[in-house]
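Worksheet: one structure, shown below.
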Amino acid sequence: MREHFTREIDSLQKLLLEMSVSAGVSIVKALDAMREKDSEAAKDVIENDSGIDLMEVKIEEECLKIIALYQPVAKDLRTIVAVLKINAELERIADFASTIARRALDISGIEEKIAEEIDFAEMLKLVYANFQKAMGSFIERDCIAALNVIRADDEVDKMHRENFAKITNLIIKYPNFTSYYLDCLSISKSLERICDISTNISENLIYLEQGKIIRHSHL
């Protein structure tokens, strides 16, 4: 019985990692579409979102099946709960990537030369690195790495606040490009939320390994 359960868990975690790869690709591709004003790439991200939705449903169904068949307790049960929560978080990341892609579609339709474009390269680099570290901490069951992800969230929050202030000033300076800057503000907020989700994933790993719920605590 234990051997079957272990195989089921391994298969479940493999599905979760496949989903995380798809979500990560969507983040990068959406920002590339925005930067290159590539409407086709943006549409690909939006279309891929439905595939990630299906993956989320499949993983949830597998989790519920394992609970029904094996009635896990203690750490085994925490593993299933953590997978269920991370599964939902990854689906939300894909939703935010789709939001960025929709804003990229808007931007690709702008024919005028933008007065001052917003560069998200550094923010994307940090957000994507945190996402990878969060999933890596889950794979390796590394609580120290998970804590580092949680602590790094403040830097992304700071970037978003700076973007908000900068974009507000640019809207005043170039009111004819208001729609572009509002799209950029939406992109910045989506990246900030993706980083928040990476924090949530890391908190779930700590719950899995230590049985502690650290959400809302001050680390």
Taking Cα atoms, how many degrees apart are the long axis of helix 178-210 and the longest axis of the chain, rounded to 10 and kept between 0 and 90? 20 degrees
Compute the label zone of residue 75 within segment 120-156: residues whose backbone N is under 20 Å from the point 7 Å along Cα-to-Cβ. 135-147
In nm, what is the difference between 0.36 nm times the number of residues separating residue 129 and residue 37 and their Cα-Cα distance? 30.7 nm
Okay, which of segment 44-70 sit inside 16 Å, backbone N to the point 7 Å along the Cα-Cβ direction of residue 21? 52, 55-56
Between residue 11 and residue 182, 0.36 nm times their residue separation minus their Cα-Cα distance comes to what? 57.3 nm
Taking the chain as a Gaussian network, where each spring joins two C-alpha atoms under 10 Å apart, which residue of 28, 83, 149 fluctuates the most? 28
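Among rounded, prolate and oblate, which fits the chain when a ≥ b ≥ c are the square roots of the eigenvalues of its C-alpha gyration tensor, a/c under 1.5 means rounded, and a/b larger than b/c means prolate? Mind showing how you got there, number by number?
Values: a/c = 3.27, a/b = 1.87, b/c = 1.75.
Because a/c hits 1.5 or more and a/b exceeds b/c, the chain counts as prolate.
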Could you work out what % of the accessible surface of segment 62-109 is carbon and sulfur, using a 1.4 angstrom probe and leaving DNA, RNA and ligands out of the count? 56 percent
Work out the length of the dipole vector of segment 81-192 about its Cα centre, built from +1 on the beta-carbon of each Lys and Arg and -1 on the beta-carbon of each Asp and Glu, and round it to the nearest 20 debye. 180 debye
Mind jotting down the distance between the C-alpha centroids of segment 40-59 and segment 3-39, whole Å? 10 Å
Could you give the dipole magnitude of the chain about its Cα centre, charging the beta-carbon of Lys and Arg +1 and that of Asp and Glu -1, in debye to the nearest 20? 620 debye
Lysine pairs within segment 1-106, Cα separation less than 30 Å, 8 or more sequence positions apart or different chains: 17
Cβ-Cβ FRET estimate between residue 117 and residue 210, R0 fixed at 41 Å, reported to 0.05: 0.40
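The values are calculated or read from the model by the stated rules, or taken from the named source; none is laboratory data. Everything numeric here is computed off the predicted structure, so don't read it as measured data. Note that each Cβ is placed from the backbone with ideal geometry, even for glycine, and that neighbours are counted across all protein chains shown. What goes into the accessible areas is simple: the full protein's heavy atoms, side chains included, and nothing from ligands, DNA or RNA. Shrake-Rupley method; radii C 1.70, N 1.55, O 1.52, S 1.80 Å.
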